[in-house]
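What follows is a single structure, written as structure tokens, with notes after it.
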Amino acid sequence: MNFFRENPANIRRKLLLVFYDILIILLVALLILGVNPSSEQRMPLKWFAVHILLFASCIFVCRHIAAVYRQVWRYGGSLAYIRLILADIGAGALYYILQVVLPVARIEFIRIVSLAAITLLFSLSLRLMYYFLYERANRSVSCSGLFWKVVEFISGFSIMARRGSTKPVEAGVKIKVAIVGAGRVGAMLADELLNNPRSHYVPCFFIDIDEAKIGREIMGLPVYSDEEATIRKLVSYPIQEIVFALPQITPERKKELYSHYKQTGCKIKVYDYPVMQKAESGRRQMREFDIEELLFRKPIDIRDSAANDYYRGKVILITGGGGSIGSELCRQISKMQPKSLIILDVYENGAYDVQQELRFLYGSELDLHVEIVSVCDRRGFEKVMETYRPDILLHAAAHKHVPLMEHNCCEAVKNNVFGTLNAVELSEKYGVGRFIMVSTDKAVNPTNVMGATKRMCEMIVLSRCGENTGTVFSATRFGNVLGSAGSVIPLFRRQIMNGGPLTITDKRIIRYFMTIPEASQLVLQSGVMAKNGELFVLDMGEPVRILELAENMIRLSGYEPYEDIQIVETGLRPGEKLYEELLIRTEELDKTENSMIFIERDAPLSADEIAEKLKILSEAVETEDDRAVKAALRRVVPTFYSPEELNSAISRTELPKAEPAPAAVQ
């Protein structure tokens, strides 16, 4: 029945293939059964016809059972050919049994084997030739080009090695690429580029280090060793781009290869999943280096089933849910099947964007609510808490831009400090089970207003651990976030598009970096691990020199730093320090069950001490005098240093070696 429901064009193709197979069977039977290879008497015409019908019936029954004729052979993979082979082996066995049990003239076993084997050989050849011709047609090969391809196919001589003797695509139309990596992924890329008529690329050869592949061909393309593919030779080849197809490559090896092949002047790309996308959620693509790969380190994935189980079925409220970190928290939480997700933000555009994204992905499966309220608005915030009664509150709302907060000290304290105080007190009042605050490495020995306010927020949150309120409080601290609003990567990208120069404040600056998903996953997992009053810190690996990051971005854009685009030093901004620290006292770090997460045990302040600090800040804010607020911050945050004091101390000594932050406890 399904046969008659198919597209008429598909039916015609199947019938045509069956017709060709019938011709093959007749030809082979004529050779094996009709031509007499010995002195024996020829088979009578009656039995000759009976055996052809019997053998053909066995062939088509077994191929039908194996669904051979349902296969689209121009996309036929190894499984399709294995099906055909097994089907014909079964047909040969069935034919032998039937000619024994049925009252027909018997033939020798060797002839039965020959009949089945040669039929299978011709059937496979027919399908392979069809695939070969379809592939060549999609590459727009001329008749002469196709002739040479057939010669190449038959003789094994690589026409590709004779550059310019054949042209698989029209000259000047497609970009010629070399593929570094002749493994499964590299072959997949070559197949995709060769067989897609809409592709703007054509592969020329592979480069690999596997001795078993060097000197051979894959997909008709030669495989060269990295010794053969020297910079001088690569420059002489007509390739324009080099693509890395190495899914298991280490960050160190990727950096080494990038530095090596960039000397050719070719554009460097990768064939892989987007950095923040998993294999099960998409497909590989040939793309530019993502900003995360500029660090040449492996992204840290700290998700686990315990976090999924914990957040599943909970009512979760995220303050600052429209921001860079807040919106990613929303995405991560949405995957965990919460009972309800409430996005609270004063910036409606960001909240609206993430709302539309989540509605598109989850529809009615996600109970999603958006509330446009500032955390500074106590009455509005309380109304939201009273309405939804969240089980978990993720506090990501904050002003974070260092230079802006230096000139808006009052607003920084109002939003960051007293907004956090509102979130903490309302969480206690409305029985929130767990309060998780997003903090920053700038809170460690802060040299700016933003960092000082976040340190004060940490002290407020951790001071509640002794309260018998039923709410578990914790804070999670991490470094700079790649790709977030106002980060250095978008700035560098805009400056490169404008022809430069790239501006960095100081060539000595180093920073710890995380990706947005890494930061969000850390916040969620540390929240699950929290008992009460912990300050979680992530081992963020090697710090990055901003100068090196700028140079890499220029090279990835096809330019040479200091030749095509200059890098200019502008001087440290107000409140900026040369390097960030993640810890206050490394000797007090505790390990957790996750090797990437540590806990800094900072003695919490008493409620009276916090109240006194808040009183000092409140009185300063009422003056609306930024200088008075900054002076008040210095009183309440003992580790708040002036940037001049800290940076001059650093400049008098050797710059700290780029070591993982928690190395002191390893």
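The values are calculated or read from the model by the stated rules, or taken from the named source; none is laboratory data. Just so it is clear, the model here is predicted, and its values are computed rather than measured. Neighbour counts are summed over all protein chains in view; Cβ atoms, including those assigned to glycine, are modelled from backbone coordinates with ideal geometry.
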Within 25 Å of residue 479 (Cβ to Cβ) and more than 31 Å from the chain's Cα centre (by Cα) - does that describe any residue in the range 424-442? yes
Report, by residue number, each residue of the range 512-571 that is assigned to a helix (DSSP H, G or I) and among the small types (Gly, Ala, Ser). 519, 520, 526, 527, 550
Looking at 514, 553, which one is more than 22 Å from residue 437 (Cα to Cα), surrounded by 17 or more Cβ atoms within 10 Å (Cβ to Cβ) and in contact with a helix residue (DSSP H, G or I) (Cβ under 8 Å, 6 or more places away or on another chain)? 553
Could you check the range 427-464 and list, in sequence order, the residues that are among the aliphatic types (A, V, I, L, M) and part of a helix (DSSP H, G or I)? 443, 449, 450, 452, 456, 459, 460, 461, 462
Anything in the range 171-183 that is outside any strand (DSSP E or B) and at pLDDT 85 or above? List them, or say none. 181, 182, 183
Given the criterion without any contact (Cβ under 8 Å) to a residue 40 or more places away in the chain and either in contact with a Ser or Thr (Cβ under 8 Å, 6 or more places away or on another chain) or assigned to a helix (DSSP H, G or I) (or both), identify the matching residue among 383, 400. 383
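Let's see how each residue does on (1) under 29 Å from the mean Cα position of the chain (by Cα); (2) crowded, with 21+ Cβ neighbours inside 10 Å; (3) at pLDDT below 80; (4) farther than 24 Å from residue 251 by Cβ:
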{"site": "508", "(1), (2), (3), (4)": "no, no, no, no"}
{"site": "522", "(1), (2), (3), (4)": "yes, yes, yes, no"}
{"site": "538", "(1), (2), (3), (4)": "yes, yes, yes, no"}
{"site": "568", "(1), (2), (3), (4)": "no, no, no, yes"}
{"site": "581", "(1), (2), (3), (4)": "yes, no, yes, no"}
{"site": "587", "(1), (2), (3), (4)": "no, no, yes, yes"}
Members of the range 216-267 found to be within 28 Å of the chain's Cα centre (by Cα), closer than 20 Å to residue 559 by Cα and small (Gly, Ala, Ser), listed by number: 259, 265
Which of the following residues is in the same structural domain as residue 607 (by TED's automatic domain parsing), closer than 30 Å to residue 340 by Cα, of a type in the set (D, E, K, R) and buried (at least 20 other Cβ atoms within 10 Å of the Cβ): 442, 383, 400? 400
Selection from the range 228-263 of residues that are among the hydroxyl-bearing types (Ser, Thr, Tyr) and surrounded by fewer than 20 Cβ atoms within 10 Å (Cβ to Cβ): 230, 236, 237, 250, 259
Does residue 617 meet the test of being in a loop (DSSP other than H, G, I, E, B), touching a Phe, Trp or Tyr at 6+ places or on another chain (Cβ under 9 Å) and either at pLDDT below 70 or not β-branched (Val, Ile, Thr) (or both)? no
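This table checks each residue for (1) over 30 Å from the mean Cα position of the chain (by Cα); (2) assigned to a loop (DSSP other than H, G, I, E, B); (3) free of Cβ contacts under 8 Å to residues at least 24 places away in the same chain.
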site	(1), (2), (3)
334	no, no, no
338	no, yes, no
349	no, no, no
353	no, no, no
415	yes, no, no
420	yes, no, no
Tally, over the range 611-628, of residues that are aliphatic (A, V, I, L, M) and within 45 Å of the chain's Cα centre (by Cα): 3
Out of the residues in the range 205-216 that are surrounded by fewer than 17 Cβ atoms within 10 Å (Cβ to Cβ) and not acidic (Asp, Glu), which is nearest to residue 261 (Cα to Cα)? 209
Return the residue satisfying two criteria in turn: it lies in the range 465-500 and is touching a strand residue (DSSP E or B) at 6+ places or on another chain (Cβ under 9 Å) and part of a loop (DSSP other than H, G, I, E, B), and of such residues it is modelled with the lowest pLDDT. 483
Matching residues, the range 386-397, being surrounded by fewer than 18 Cβ atoms within 10 Å (Cβ to Cβ) and not in a helix (DSSP H, G or I): 389
Mind listing whichever residues of the range 355-380 are under 25 Å from residue 432 (Cα atoms), of a type in the set (Asp, Glu) and not in a loop (DSSP other than H, G, I, E, B)? 365, 371
